[in-house]
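The values are calculated or read from the model by the stated rules, or taken from the named source; none is laboratory data. All of these numbers come straight from a predicted model, not from anything done at the bench. Every residue, glycine as well, gets a Cβ built from its backbone with ideal geometry; the counts of neighbours run over all protein chains shown.
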Amino acid sequence: MKKKVWISFSILTVIIACIYFFLRFNPPLEIGTLASSGDSKSVVVGVGNKGFQNVKILDVLVNNNDIPAETKIQVSNALQGFVITDNYNNEEAKEYRFMNVNDVTIKAGTSSSSNFEKLDDGTASEKDEIYGVSVFFDKEINAVTIKYSYLGIPFKETVVLH
């Protein structure tokens, strides 16, 4: 009896380790669109989730792990796209939905590559949600680091803009 329990425990441990390493080498967050203002003080990083569970963004940093002046998540659709702005209250930005980072989870199945394919095929619709991390900083932004959680495992993705 002890041998069966030991074998079952060993198999379960190996399966969990394989899943963990698979996720480490194939992170679910996918970077799509990269856009910045002329002075590079305002940046939008399009993100999608190619996993099967939601992704929760924990923190966003810029350059050398500096805290940005302001960070929001744009929740839009594939047809509308994103807006680059340094003021969430101007007329252009009011047409877009900006949310606090803590209030948004990136839904599963929202990978940037699948949305680009739908746009190319002409099958994209307003139901195809897209997410963009909007960051403002008082200096030029050279890199954006997104820390997030997937299945309770922390990840970090750094996007270099120049």
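Among Asp59, Asp103, Asp39, which is the only one that is in contact with a Lys or Arg (Cβ under 7 Å, 6 or more places away or on another chain) and among the charged types (D, E, K, R)?
From the options Asp59, Asp103, Asp39, the qualifying one is Asp59.
I'm trying to understand the selection: among the residues of the range 85-107, which are in a strand (DSSP E or B), of a type in the set (D, E, K, R) and modelled with pLDDT of 90 or more?
none
Restrict the check to the range 122-132 and report whether at least one residue is over 19 Å from the mean Cα position of the chain (by Cα), of a type outside the set (Gly, Ala, Ser) and at pLDDT below 95.
Yes, the range 122-132 contains at least one residue that is over 19 Å from the mean Cα position of the chain (by Cα), of a type outside the set (Gly, Ala, Ser) and at pLDDT below 95.
Give the range 108-146 a look and list any residue that's in contact with a strand residue (DSSP E or B) (Cβ under 6 Å, 6 or more places away or on another chain), in a loop (DSSP other than H, G, I, E, B) and not aromatic (Phe, Trp, Tyr), or say none.
Passing the criteria: Ala108, Thr110, Ser111, Glu126, Asp128, Ile141.
Only one residue in Lys72, Lys118, Lys127, Lys107 is within 11 Å of Gly48 (Cα to Cα), among the basic types (Lys, Arg) and touching a residue at least 24 places away in the same chain (Cβ under 8 Å). Which one?
Lys107
Go through the residues of the range 86-100 one by one and say whether even a single one is touching a residue at least 40 places away in the same chain (Cβ under 8 Å) and within 19 Å of Val47 (Cβ to Cβ).
no
Could you check the range 1-48 and list, in sequence order, the residues that are farther than 15 Å from Glu157 by Cβ and of a type in the set (D, E, K, R)?
The answer is Lys2, Lys3, Lys4, Asp39, Lys41.
Residues of the range 109-162 being hydroxyl-bearing (Ser, Thr, Tyr) and either within 14 Å of Ser40 (Cα to Cα) or exposed (fewer than 14 other Cβ atoms within 10 Å of the Cβ) (or both), which ones?
Ser113, Thr123, Ser125, Ser134, Thr158, listed by residue number.
Output the residue which, of all residues in the range 72-84 that are β-branched (Val, Ile, Thr) and either surrounded by fewer than 18 Cβ atoms within 10 Å (Cβ to Cβ) or part of a strand (DSSP E or B) (or both), is nearest to the chain's Cα centre (by Cα).
Ranking the qualifying residues of the range 72-84, first place goes to Ile73.
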